[in-house]
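Peer 1: Here it is: the structure, laid out below.
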Amino acid sequence: MVLKLFGKGSDKDIFEKYKHLIGKPIVTSSGKEIGKVKKLKVRKETGELLAIIYETSDGEEKILDCTKTKVNIMDGTVIIQDQEDVVKEFEISTKINSIKTQVAMIREKVRKLQETYMKLIELFVNSKIDSTTFSDVKSKLDSEKTRLQMLCEESLKEIENSIRNLDEKTESLKRRRNELYVKKVLGGLSPSEETELETLEETFRRIDKLRQELLLLRAELIRECTNL
């Protein structure tokens, strides 16, 4: 059977929903075709796509678990997210969350340090403490300030590296996108290449969103660290 159903439901409705996928290409989010749909496993009650059995270019039959892999169906083409892309996106998102926490911590420490400096100066000006005590405390605060400045530099470097990594990924993808657009203008795009172009544009949108987050974090960090 090209369509294997599990549970109770309308065979006809499910068949009509998915029959157009048989023989269609499966393309990764980076535009690489990995094979063509041969069979499908679907849950009757919900119409949920459970698995896709596909055939690779060398004739090997493989199973794609749709419950564990992000799957989109676009214009009769099955698009799955590359495992490498999933890992990289997860790593960058995790790094962004880590940087956000670090920026918040730096912001709080900078403000506390500024308040402590002001209170120390006020005590000294109002003759509440002598010059020796003032110098001793100020020396400790200066040391904390130096540590914060070093932390700022490390965090900025981490953000810059993340932005650079995204830009490098974008650069390689841009070359492929340019090739496809030239081919499209000349009228030579195949259906799978049309899908590849669409998935590339979606990838660019995701990368741009991550890049904007990093740029905002960098601006916030620079602003906070300038106050030191």
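The values are calculated or read from the model by the stated rules, or taken from the named source; none is laboratory data. Nothing here was measured: the structure is a model prediction, and the numbers come from that model. Glycine gets a Cβ as well: all are built from the backbone with ideal geometry, and neighbour counts include every protein chain shown.
Peer 1: I need a count of the residues in the stretch 142-180 that are more than 24 Å from T101 (Cβ to Cβ) and at pLDDT 95 or above.
Peer 2: Counting residues in the stretch 142-180 that are more than 24 Å from T101 (Cβ to Cβ) and at pLDDT 95 or above gives 1.
Peer 1: Right, here's the next one. Of all residues in the stretch 40-63, how many are of a type in the set (K, R), modelled with pLDDT of 85 or more and out of contact with any Lys or Arg (no Cβ under 7 Å at 6 or more places or on another chain)?
Peer 2: Going through the stretch 40-63 one residue at a time, the tally reaches 1.
Peer 1: While we're on this one: For the stretch 66-81, which residues satisfy the criterion of being outside any strand (DSSP E or B) and either modelled with pLDDT under 75 or of a type in the set (V, I, T) (or both)?
Peer 2: Hits for the stretch 66-81 are T67, K68, T69, K70, D75, G76, Q81.
Peer 1: State which residue is surrounded by the most Cβ atoms within 10 Å (Cβ to Cβ) when the search covers only the stretch 185-195 and only residues that are assigned to a helix (DSSP H, G or I) and out of contact with any Asp or Glu (no Cβ under 8 Å at 6 or more places or on another chain).
Peer 2: So the residue we want is E193.
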